[in-house]
Amino acid sequence: MAELTHPEAHRRPQPVLGHRDQRPQPWPLHLTAAARQLEATHAATLPPHTLMRRAGLGVARLALAVMPHLRQAWVLAGPGNNGGDGFEAALHLQRWLAPAGVPVHVGFVGDAAGLPADAAAALVRAREAGVQITPGHDAPPGLGADALVIDALLGRGLSRPPEGALAAAIDALQRCPAPVLAVDLPSGLPADTGALSAHTPCVQARWTLALLSLPPGLFTAQGRDVAGDIWWDDLGVDVLVAPPAAWLASGPALAAAWQARRHAQHKGSFGDVWVVSGAPTMQGAAVLASRAALAAGAGRVYLATLNPAAAGDPLHPELMTADQPLLLGQPERLAQGTVVAGCGGGAAIADALPSLMAHAGRLVLDADALNAVAADASLQAALRRRADAALTTVLTPHPLEAARLLGQTAQAVQADRLQAAQTLAESYRAVVVLKGSGSVVASRGETPWILPVGNAALATPGSGDVLAGWLGGLWSQGAQAATAARSAVWLHGRTAERLRPSGLALAASALVEALQGQGPSR
């Protein structure tokens, strides 16, 4: 085990997110082109094969950390550098496990003559160490649940959906009973987007170890379903020499953006929120948003309806009502407050939007307000003019609403969620929260953020209204719009995970009650 005496032997892969996440800064995410540039930059300053050897050592270490009592190891190595990482990992596992009688096998799905230089050198080293390497993807005999499979087939080397021998290898890997540790990414998952079509073969991993840089695809779209627990090994180099394509939020990093409340503050210190409703038959959504704004800590919350005498919330008498037409005629009140519009708005919300866009100091547009904007070019122009008047807007679309605003299909939005969110932010000159698996928060001219929180428990009526009201309540307390948006998404998603870790449906009213007291500065 001579490698363990090297200086880098003290490095360990680090968990990304999860209950052990205490990282005080967000995690940098890099697209494939930047990752390749990072690799080339650092490889040029290090001895030959250094990065791959560090990668293999990291994979082997994590393998033993997650499966300390494994009885067999099977590495499926592909035709590129991901396969080379697998050869290096097998080399270390052979040295550590063979003396204890634990077999290590490698199935090589590729051609040795076509391997890149680093991977070819790793293959030679593995053979010299006595690793049993056989062509193809036939599982070794006796492979059971007490074994570990290491997926080193493709990683970031995916340029199109797997086919032929690689698709067959993924299928064989999926059928074996042992848990899977994926190297870089589960093979078949697009690194930059995490978007999988229904019939694309992809590995279902129990753990994924990202090497050198973290791919965005692990944290949004289907990536969150197939990657399992995610770990990162930066291979001992500085990854920030290449600007990240996105930031991955962490709880401590978000909490640090908020100041603790001071004793001398009062309810006027935390702002007014106006929840502007529309259709009289859809008041429940506006009530949920109003309750959420109260729970977030807004100083005063008003439910502005077309019929205030019939509105209100008997269970929450602290929620006040306001006459909507009267409010819309008071520009000074709109300018000083935070307005949440579109929750249960129906078509009627369109009539209120011109005044809100012209005067609201802080404006959150959700649901039917977004649909009204998508259908009306004059509203789109009014929304863009808000930026010229130094008025800030936050849009909170789900994929279909985003598609309407972009003039695309929901499938196109989901195919590249990062790009869709950033395009919306630039086009409408607003902060955008693209909801979904790995929600994206994007702002004009800034690096977007991915927030990999929440689960299927939020796929219930009203959960989006709760998020919009929660966001408005946080924003009213003086934070920047993007800061409030990131914190709102994080706390909304984390609360759902805590209440329903299995993803079973969570009633929106129960979510509001659980959010009470969960503010970032508490």
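The values are calculated or read from the model by the stated rules, or taken from the named source; none is laboratory data. All values reported here derive from a predicted model rather than from experimental measurement. Here Cβ is always computed from backbone atoms with ideal geometry, including for glycine, and neighbour counts include all displayed protein chains. The area values use the complete protein model at the heavy-atom level, side chains included, leaving out ligands, DNA and RNA. Shrake-Rupley method; radii C 1.70, N 1.55, O 1.52, S 1.80 Å.
What number comes out for the charge environment of Leu196, summing +1 per Lys or Arg and -1 per Asp or Glu over other residues with Cβ under 14 Å away?
Numbers: positive: Arg160, Arg224, Arg417; negative: Asp192, Asp225, Asp416.
Summing Lys and Arg as +1 and Asp and Glu as -1 gives 0.
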_Quick check: at a probe of 1.4 Å, how many percent of the accessible area of the chain sits on carbon and sulfur atoms?_
55 percent
*Work out Dmax and Rg for region 309-401 from the C-alpha atoms and quote the Rg first, both in angstrom.*
13.6, 41
_Size of electric dipole in the chain: Cβ of Lys, Arg +1 and of Asp, Glu -1, about Cα centre, debye, nearest 20_ = 900 debye
*asked:* Using a Debye calculation, one point per C-alpha and no hydration shell, please list log10 I(q)/I(0) for region 178-278 at q = 0.14, 0.22, 0.24 Å⁻¹ in order.
replied: -0.68, -1.17, -1.32
*Karplus couplings for region 92-100 from phi (6.51 cos²θ - 1.76 cosθ + 1.60, θ = phi - 60°), rounded to Hz, Gly and Pro as x?*
5, 4, 4, 5, 7, 9, 4, x, 9
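Among DSSP beta bridges whose residues both lie in the chain, state the antiparallel percentage, nearest 5. If you can, show how the numbers build up before the last one.
Numbers: 11 of 63 bridges.
About 15 percent, rounded to the nearest 5.
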*Could you do me a favour and compute the accessible area per residue for the chain, 1.4 Å probe, result in Å²?*
39 Å²
*Could you pull out every residue, at least 5 positions away or on a different chain, whose amide H is within less than 5 Å of the one on Val75? Hs are placed 1.01 Å off N in the peptide plane, and Pro or chain starts have none.*
His105, Val106, Gly107, Ile150
*Amide H within-cut-off set for Ala245, under 5 Å, with H built and near neighbours excluded*: Leu29, His30, Leu31
*So what is the diffusion coefficient of region 84-238 in µm² per second by Stokes-Einstein at 25 °C and 0.890 mPa s, using a Kirkwood Rh over Cα pairs?*
154 µm²/s
*asked:* Just to be sure I follow: if Rg is taken over the C-alpha atoms of region 375-424 and Rh is the Kirkwood radius over the same atoms, what is Rg/Rh?
replied: 1.01
*Under a no-solvent Debye model with one identical scatterer per Cα of region 17-166, what's log10 I(q)/I(0) at q = 0.16, 0.18 Å⁻¹?*
-0.92, -1.11
_Computed [θ] at 222 nm, deg cm²/dmol, the chain (DSSP H ≥ 4; -39,500 (n - 2.57); rounded to nearest 500)_ = -11500 deg cm²/dmol
_region 155-163 - phi-based ³J(HN,Hα) in whole Hz, Karplus 6.51/-1.76/1.60, Gly and Pro as x_ = x, 7, x, 6, 10, 7, x, x, 8
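Could you quote the convex hull projected area for region 58-106, Cα atoms only and averaged over all directions, in nm²?
On the way: hull surface 12.0 nm².
Averaged projected hull area, Cα only: 3.0 nm².
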*Using only C-alpha atoms and all pairs of different ones, pull out the Kirkwood radius for region 385-522 in Å with one decimal.*
15.2 Å
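Apply the Kirkwood formula to the chain: the hydrodynamic radius equals the inverse of the mean of 1/r over all pairs of different alpha-carbon atoms; give it in Å with one decimal.
Working: mean 1/r = 0.0408 Å⁻¹.
24.5 Å is the Kirkwood radius here.
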